[in-house]
Amino acid sequence: LGREGATLCGACDLSPKAFRMYRSMGIRVPFCTDVNEAVERFAPDGAIVATPAAMHLPLAELLSEKNIPVLVEKPLSIVPSAGQDWLALRAAHPGAVIHSGYMAAQYPHLEYARQLLEGGSLGRVRGVWAFSLQAHIMASHPVRWEMEKAKSGGGALLNFGSHVLSMLMRLFGEPISFDARMWPIHSSQVEDAIETRLAWPGFEGRFMASW
């Protein structure tokens, strides 16, 4: 909403109940529940696909067919074999703009922090503790889409903990080793929590995510 040079022209969600939440976040744009209607009504210069991961490919196909540049939320897909489907989409629409990425890793203050750390003005990094904690899923019912592996591909790590993990890699690079354990608390198909130990040259870190 605050991106210089960009204007949010509309939002599409299958659930009309979500519109109240969007309005509470300060989003004041037209809403609709059908993506074809959204394309015709809003005539966007680009689109962001931020749906459950199982819907990423069909929505990217629809938008590419209409020559609309698309940014697909991570992950692109929930099974490795879908990589071939994305390559086929690229081959079918060679001029299409189809991007994917981690939003949090692009925060401009991270680059400033990385330069400070590398420059040594803050001293030597002795260790890192990172957390991604959210009061999001506190019971086994109602079952949210994030708890269904066929829709989400994974649990607390994939659906929001990965953002903090991407920030760690932006600051310190890829770790040279790691080990992790994941466990369910309320979910029967995906992990509700994960604890990871990571090592970089000269220091170690711990990362925990839970919803």
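When nucleic acids and ligands are ignored and a 1.4 Å probe is applied, Tyr102 ends up with an accessible area of around 80 Å². Applying the Karplus relation 6.51 cos²θ - 1.76 cosθ + 1.60 with θ = phi - 60° to segment 4-20 yields 3J(HN,Hα) values of 4, x, 10, 10, 6, 9, x, 9, 10, 8, 5, 9, x, 5, 6, 5, 5 Hz, where x marks Gly and Pro. Mind checking which of Gln106, Leu117, Leu59 is farthest towards the positive end of the chain's charge dipole, using Cβ charges of +1 (Lys, Arg) and -1 (Asp, Glu) about the Cα centre? Towards the positive end, the residue furthest out is Leu117.
A full extension of the chain between Leu117 and Asp179 corresponds to an added length of 19.9 nm, given 0.36 nm per residue minus the alpha carbon distance. The mean accessible area for residues of segment 1-86, using a 1.4 Å probe and ignoring ligands and nucleic acids, is 65 Å² per residue. Bridges between two residues of the chain, per DSSP, are antiparallel at a rate of about 50%.
GNM, the chain, Cα, under 10 Å: largest mean-square fluctuation among Ile185, Ile98, Ile27? Checking each option, the largest mean-square fluctuation is seen for Ile27. Annotation: per residue accessible area for segment 121-184 equals 65 Å², rounded to a whole number [probe 1.4 Å, protein chains only].
Site pair Glu4 and Lys74 shows an inter-label distance of 2.6 nm when each label is modelled 7 Å from Cα along Cα→Cβ. For segment 1-98, applying the loop criterion from DSSP together with a ceiling of 13 other beta carbons within 10 Å to the GluC sites (Glu not before Pro) yields Glu4. Over the chain, dividing the summed -39,500 (n - 2.57) contributions of all DSSP H runs of at least 4 residues by the number of residues returns a 222 nm mean residue ellipticity of -8000 deg cm²/dmol.
When you have a sec, figure out the Kirkwood radius of the chain from all distinct Cα pair distances and drop it here in Å to one decimal?
19.5 Å is the Kirkwood radius here.
These residues, Leu14, Leu158, Leu122, go from largest to smallest accessible area, 1.4 Å probe, as Leu14, Leu122, Leu158.
Put a dot 7 Å past the Cα of His93, heading toward its Cβ, do the same for Met25, and the two dots end up 2.3 nm apart.
Contact order for the chain, expressed relative to its length and based on alpha carbon pairs under 8 Å spaced 6+ residues apart, stands at 16 percent. A cut-off of 5 Å between modelled amide H atoms, ignoring neighbours fewer than 5 places along the same chain, links Ser100 with Val72.
Of the beta bridges DSSP finds with both residues in segment 95-211, what % are antiparallel, to the nearest 5? Around 70 percent antiparallel, to the nearest 5. Remark on segment 1-92: Rg and Dmax equal 14.1, 41 Å (Cα only). Charged side chains reduced to their Cβ positions (Lys and Arg at +1, Asp and Glu at -1) give the chain a dipole of some 500 debye around its Cα centre. Loop-located trypsin sites (Lys or Arg not before Pro) in segment 1-108 (DSSP state other than H, G, I, E, B) with a sparse environment of at most 10 neighbouring Cβ atoms within 10 Å: Arg3, Lys17, Arg28. To put it simply, the accessible area of the chain at a 1.4 Å probe is 57 percent carbon and sulfur.
The values are calculated or read from the model by the stated rules, or taken from the named source; none is laboratory data. Everything numeric here is computed off the predicted structure, so don't read it as measured data. Cβ coordinates were reconstructed from backbone atoms using ideal geometry, including for glycine residues, and neighbour counts include every protein chain displayed. The accessibility values were calculated without ligands, DNA or RNA, using every heavy atom of the protein model including side chains. Shrake-Rupley method; radii C 1.70, N 1.55, O 1.52, S 1.80 Å.
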